[in-house]
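Trainee: Have a look at this one before I ask anything.
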Amino acid sequence: MTMRSVSTTGPKILEVTDLKTVFGTRDGAVHAVNGVSFHLREGELLGIVGESGSGKSVTMMSLLKLVPMPPAEITSGRVMFSARDLLSLSPGEIRKVRGGEIGFIFQDPMTSLNPVFTVGFQLMEPLRKHMGLSKAEAREKAASLLALVGIPSPADRLDDFPHQFSGGMRQRVMIAIALACDPKLLIADEPTTALDVTIQAQILELVRGLRRELGMSMIWITHDLGVVAGIADRVAVMYGGLIVEHAAVEDLYASPKHPYTHALLQTLPSLDSERAEKLQSISGQPPSLDAEPTTCPFAPRCEFAFERCFRENPAIRSTNGGWAEDRVSHDVACWWDIEKGAPRDDG
Amino acid sequence: MFRYAIRRLLFAIPTLLVISFIIFALLDLAPSDPTAQLPLTIPEEVREMIKLSLGLGEPFHIRYLRWLEQFLVNEPLNLIEQFWGIEIGNSEDRLRVRSWSTRAPVVDLIAARLPQTLSVVGVSYIVAILIAVPIGVISAYKQYSIFDQVGTFISMIGFSVPTFFTGTVMIVIFSVVLGWLPSIYDTTLEVRDYDSFVAQFKQMIMPVMVLGLFNAAQLSRFMRSSMLDNLNQEYVRTARSKGMGEPVVILIHVLRNSMIPVVTVIALGLPTTFAGAIITEQIFRINGVGQLLIGAIEGADIPTVQTVTFIFAVLIVVFNLIADLLYGMLDPRIRYD
Ligand SMILES: Nc1ncnc2c1ncn2[C@@H]1O[C@H](COP(=O)(O)OP(=O)(O)OP(=O)(O)O)[C@@H](O)[C@H]1O
Ligand SMILES: [Mg+2]
């Protein structure tokens with residue numbers, strides 16, 4: 001498809017270990033993230049997929065402490081980025097990382113921009129704060145950023161308000177804001193979900209081009225496996241606040257190991273099979289998050305579930321011998337081996 | 001925007017004419033006799049003559065049109081003459097709306113009372129805004145904190161207890177028991193030096209506080225809920241994700257949006273506060289427009305009541321327009337015409 005920069009040796013730009021985030025709400029605790037670990041190497045694009053409520057956004061926002069605290073609390077974890085743990089930074093230090101070193105793009109461009117300030121003002125804010133530019137310099141840079149994301153007559157549009165832009169153009173503005181200070185890492189939280197299909201394709205094309213040009217590392221959240229296939233190097237599948245499967249994109253599509261991934265792939269419309277049958281979503285309720293999972297959270301909806309799944313929560317482990325110089329580890333958290341049609345043998 | 005303002009102003013004219021007619025008609029229909037207060041020894045014929053001299057012999061529509069002419073044409077001309085010191089036409093012959101009880105032009109009576117009312121209402125409204133905005137902002141930002149809960153409790157009391165009660169309690173405490181503040185507002189006091197300034201300040205404290213806290217209670221609730229609405233918006237997360245500090249996020253991004261409905265409420269509330277000040281003026285014996293109105297009602301001084309009521313109506317219409325225009329100025333998404 002496109003260039004794959006699966007790097008198994010490059011320096012790690014981000015390493016997240018055992019991240020847990022709990023919301024204390026009036027109706028009790030919501031365990032949104034229950035021990036997520038992953039890493040990202042320079043120049044890679046990691047896709048995160050999972051159904052609504054699986055904890056994708058909360059995971060990413062927890063990295064930069066962007067979850068509202070309270071009600072949220074990050075109860076455990078380490079987020080190593082540029083040789084320091086983001087979770088133990090002071091508020092002032094983490095603000096330098098936000099927007100300065102890590103850019104964020106959110107789902108809904110209609111509501112993500114402040115309606116009462118001009119696009120130029122919102123774009124110049126991080127430039128002035130992180131890069132210490134003067135007003136005139138920031139304005140010039142802002143115009144060049146709008147040009148970079150493909151907005152026509154950028155200098156004139158700086159004085160327009162968000163409502164004067166279409167949805168796709170607003171998402172381009174959001175991307176420009178996220179890119180403003182040349183971040184090392186860009187996190188995009190379902191950036192195309194709210195857009196219609198043709199605009200989606202344009203934004204995807206734009207991001208591909210920008211990656212080629214700027215060589216950034218990216219995390220791309222989506223619930224659309226089709227989108228991930230087109231742009232990601234590796235994919236992590238989330239369910240119930242956990243990563244339940246992780247693999248290189250080709251491996252994941254060729255041989256999904258987790259029943260949930262299996263089911264997700266089956267919901268994708270494909271050309272070579274009877275469409276009508278395949279276009280159904282996975283039946284059953286999403287897991288309740290009122291406690292940390294002690295059994296497999298997917299078991300109640302799983303067609304392969306057996307007695308052990310209701311007793312123990314499987315840890316995520318490699319199925320192909322782990323990372324190697326020429327190999328991406330294919331990890332899964334499941335007691336059942338779909339290919340063998342038998343329980344996974346382990347200790 | 002400008003064309004919209006003009007259009008709205010033109011719309012206001014028929015509205016106000018209808019209002020003026022209703023006010024005039026209602027008060028005219030009310031059974032009141034301007035001679036009722038006179039000694040019983042005055043014979044009936046004299047009473048009739050007095051009524052005729054007040055213009056009561058004319059039919060209703062003539063009296064209405066005459067009042068309209070006096071109030072809408074003659075009085076503005078007088079004001080213009082006074083202001084620029086010029087003479088337009090024959091100003092001596094121009095008829096004015098006169099009080100039945102004092103025979104003085106009503107507009108002059110109002111002009112004499114206006115400074116007292118304006119200073120108390122105006123200062124109390126500014127005090128209310130200065131108190132309400134920060135309290136609303138902090139309560140919303142620290143939702144459910146001790147500060148927020150105490151604030152909620154106090155403002156609940158603030159707008160459920162009427163001003164005549166808080167006013168009286170304050171008088172009892174600060175004037176009667178402690179003796180710190182005067183209980184009667186001296187309208188004749190002129191601020192000339194430091195001592196008279198202190199005296200003026202002291203006598204304004206209680207009425208301003210009573211009225212100001214009452215308004216602050218409502219406004220702070222408004223400010224709080226508007227802030228809360230906006231704090232949950234996604235643009236707030238965007239601002240934080242850009243690395244903006246909390247003061248910038250709250251006081252620029254969120255506050256600017258939250259002020260849009262609050263400014264409207266402030267503008268709409270001002271005429272209501274004027275009307276509400278009638279009670280406060282009674283409690284503290286402030287010789288203001290409110291007292292004038294109350295006195296006129298008691299004395300069946302219909303022209304004064306009509307005129308003061310109509311001025312309140314004008315204020316409400318004008319501030320409605322101002323609120324609309326402010327909304328358009330604060331929210332770039334609103335475009336008129
Ligand atoms: N402020 C909050 N208070 C309480 N619970 C929350 C809050 N924000 C998120 N959650 C809960 O955390 C869980 C994970 O939510 P999250 O937004 O991460 O899901 P997601 O995978 O991003 O879903 P989507 O695809 O819909 O964006 C959900 O169950 C949600 O209800
Ligand atoms: Mg999400």
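Trainee: State which stretch of chain B is the longest one without any exposed chymotrypsin sites (Phe, Trp or Tyr not before Pro), exposure meaning a DSSP loop state and at most 16 other Cβ atoms within 10 Å. Could you put the intermediate results ahead of the total?
Mentor: Numbers: sites that count: B:TYR144, B:TRP180, B:TYR336.
Longest run free of exposed loop sites: B:181-335.
Trainee: Turning to a different aspect of this structure: Just to confirm the number: angle between the C-alpha axis of helix A:135-148 and the first principal axis of chain A, 0 to 90 degrees, nearest 10?
Mentor: 50 degrees
Trainee: Then there is this: Taking the simple approach of a point 7 Å from Cα along Cα-to-Cβ for both B:ASP186 and B:ASP229, what is their distance in nm?
Mentor: Each label point lies 7 Å from its Cα, and together they span 4.8 nm.
Trainee: Starting from the Cα of A:LYS340, draw a straight line to each of the lysines and keep only those under 21 Å, dropping any in the same chain fewer than 8 residues away.
Mentor: Result set, ordered by chain and number: A:LYS257.
Trainee: Test of the criteria: in region B:164-259, which trypsin sites (Lys or Arg not before Pro) are in a DSSP loop and have at most 14 other Cβ atoms within 10 angstrom of their Cβ? Working shown, then result.
Mentor: Numbers: sites: B:ARG192, B:LYS202, B:ARG221, B:ARG224, B:ARG237, B:ARG240, B:LYS242, B:ARG256; in loops: B:ARG192, B:LYS242.
Here the trypsin sites (Lys or Arg not before Pro) that fit, given the DSSP loop and packing criteria, are B:ARG192.
Trainee: Residue by residue through B:226-236, how many Cβ atoms from other chains fall within 10 Å of the Cβ on average?
Mentor: For peptide B:226-236, the averaged partner shielding equals 3.
Trainee: OK, next. Can you give the longest stretch of chain A with no exposed loop site, where a site means GluC sites (Glu not before Pro) in a DSSP loop (not H, G, I, E or B) with at most 14 other C-beta atoms within 10 Å?
Mentor: Working: sites that count: A:GLU274, A:GLU303, A:GLU312, A:GLU325, A:GLU339.
For GluC sites (Glu not before Pro) (loop position, at most 14 other Cβ atoms within 10 Å), the longest site-free span of chain A is A:1-273.
Trainee: Applying the Karplus parametrisation 6.51 cos²θ - 1.76 cosθ + 1.60 with θ = phi - 60° to the phi angles of region A:232-237, what ³J(HN,Hα) value in whole Hz is obtained for each residue in order, glycine and proline being reported as x?
Mentor: These are the phi-based 3J(HN,Hα) values: 8, 8, 10, 10, 10, 9 Hz.
Trainee: What distance in nm separates the simple spin-label points at A:THR75 and B:ARG8, each placed 7 Å from Cα in the Cβ direction?
Mentor: Reported label-point gap for A:THR75 and B:ARG8 is 5.3 nm.
Trainee: Pop out a list of residues from region B:313-337 that are at least 30 Å² less accessible with all the protein chains around than in their chain alone; 1.4 Å probe, no ligands or nucleic acids counted.
Mentor: When all protein chains are present, B:PRO332, B:ARG333 each give up 30 Å² or more of accessible surface.
Trainee: Average partner chain C-beta neighbours within 10 Å, per residue of B:239-252?
Mentor: Details: counts 9, 9, 17, 17, 17, 6, 4, 2, 0, 2, 0, 0, 0, 5.
Shielding by partners across B:239-252 averages 6.
Trainee: Take the Cα coordinates of the protein assembly as shown, assign each an equal point scatterer, and use the Debye formula without solvent to give log10 I(q)/I(0) at q = 0.05, 0.07, 0.08, 0.12 Å⁻¹.
Mentor: Values returned for q = 0.05, 0.07, 0.08, 0.12 Å⁻¹ are -0.41, -0.68, -0.79, -1.26.
Trainee: On a 0 to 90 degree scale, rounded to 10, what angle separates helix A:119-131 from the longest Cα axis of chain A?
Mentor: Relative to chain A, helix A:119-131 is tipped by roughly 80 degrees.
Trainee: So if R0 is 25 Å, what FRET efficiency would A:ASP337 and A:ALA291 give, r being the distance between their Cβ atoms, rounded to the nearest 0.05?
Mentor: Values: r = 28 Å, r/R0 = 1.11.
The calculated FRET efficiency here is 0.35.
Trainee: Give me the extension gain from B:LYS142 to B:VAL248: residue separation times 0.36 nm, minus the current Cα-Cα distance, reported in nm with one decimal. Can you show the working numbers first?
Mentor: Working: separation 106, 0.36 × 106 = 38.16 nm, distance 1.62 nm.
Computed gain between B:LYS142 and B:VAL248 is 36.5 nm.
Trainee: Just A:PRO314, A:PRO297, A:PRO191 to compare: in a GNM of chain A, with alpha carbon springs under 10 Å, which one fluctuates most?
Mentor: A:PRO314
Trainee: How tilted is helix A:197-214 with respect to the longest principal axis of chain A? Cα atoms for both, answer in degrees (0 to 90, nearest 10).
Mentor: Between the helix axis and the principal axis of chain A, the angle is about 80 degrees.
Trainee: Ignoring ligands, DNA and RNA, please state the percent of accessible area on chain B from carbon and sulfur, probe 1.4 Å. It would help to have the intermediate numbers written out before the result.
Mentor: Numbers: 12550 of 18000 Å².
Here it works out to 70 percent.
Trainee: Which of the aspartates and glutamates could a cross-linker span from B:LYS202 if the Cα-Cα distance has to be under 19 Å and same-chain partners fewer than 8 positions apart are dropped?
Mentor: B:ASP186, B:GLU190, B:ASP193, B:GLU281
Trainee: Let me ask another. Which parts of region B:305-337 would a label at B:LEU268 reach, counting a residue when its backbone N lies under 14 Å from a point 7 Å out along Cα-to-Cβ?
Mentor: So the set is B:316-328.
Trainee: First check a/c for region B:266-327, with a ≥ b ≥ c the square roots of the eigenvalues of its C-alpha gyration tensor; if it is under 1.5, answer rounded, and if not, answer prolate when a/b is larger than b/c or oblate otherwise. Numbers along the way, then the final one.
Mentor: Values: a/c = 4.47, a/b = 1.73, b/c = 2.58.
Oblate is the answer for region B:266-327, as a/c is 1.5 or above yet b/c matches or exceeds a/b.
Trainee: P(r) for region B:107-330: what percent of alpha-carbon pairs falls in each 5 Å bin, starting at zero?
Mentor: 1, 7, 12, 15, 16, 15, 12, 9, 6, 4, 2, 1, 0, 0
Trainee: In addition: Once you've got the Cα coordinates, tell me which of A:LYS20/B:LYS142; A:LYS12/B:LYS142; A:LYS20/A:LYS141; A:LYS184/B:LYS142; A:LYS12/A:LYS135 are over 32 Å apart. All intermediate terms of the calculation are to be shown ahead of the outcome.
Mentor: Details: A:LYS20/B:LYS142 25 Å; A:LYS12/B:LYS142 38 Å; A:LYS20/A:LYS141 38 Å; A:LYS184/B:LYS142 34 Å; A:LYS12/A:LYS135 35 Å.
In this structure, A:LYS12/B:LYS142; A:LYS20/A:LYS141; A:LYS184/B:LYS142; A:LYS12/A:LYS135 exceed 32 Å between Cα atoms.
Trainee: Counting alpha carbon pairs within less than 8 Å and at least 6 residues apart, what relative contact order, in whole percent, applies to region B:107-330?
Mentor: Values: 247 pairs, mean separation 66.3, N = 224.
Rounded, it is 30 percent for region B:107-330.
Trainee: Further, regarding this structure: Please give the contour-minus-distance gain from B:MET156 to B:ASP108: 0.36 nm per residue of separation, less the Cα-Cα distance, rounded to one decimal in nm. Mind dumping the intermediate values first?
Mentor: Values: separation 48, 0.36 × 48 = 17.28 nm, distance 4.00 nm.
Gain in length upon complete extension: 13.3 nm.
Trainee: Counting only complete DSSP H runs, which helices of chain B cover 20 Å or more along their long axis at the Cα atoms and score a mean Kyte-Doolittle of 1.6 or above? Don't skip to the answer; put the middle values down first.
Mentor: Numbers: long enough: B:2-29 (40 Å, 1.73); B:106-141 (49 Å, 1.77); B:146-160 (21 Å, 1.19); B:194-231 (47 Å, 0.48); B:255-284 (39 Å, 1.23); B:302-330 (42 Å, 1.93).
Those that clear 20 Å and a mean of 1.6 are B:2-29, B:106-141, B:302-330.
The values are calculated or read from the model by the stated rules, or taken from the named source; none is laboratory data. Treat the numbers as computed from the prediction; the structure is a model and nothing was measured. Note that each Cβ is placed from the backbone with ideal geometry, even for glycine, and that neighbours are counted across all protein chains shown. When the accessible area is computed, the model is the full protein with side chains, heavy atoms only, and any ligands, DNA or RNA have been set aside. Shrake-Rupley method; radii C 1.70, N 1.55, O 1.52, S 1.80 Å.
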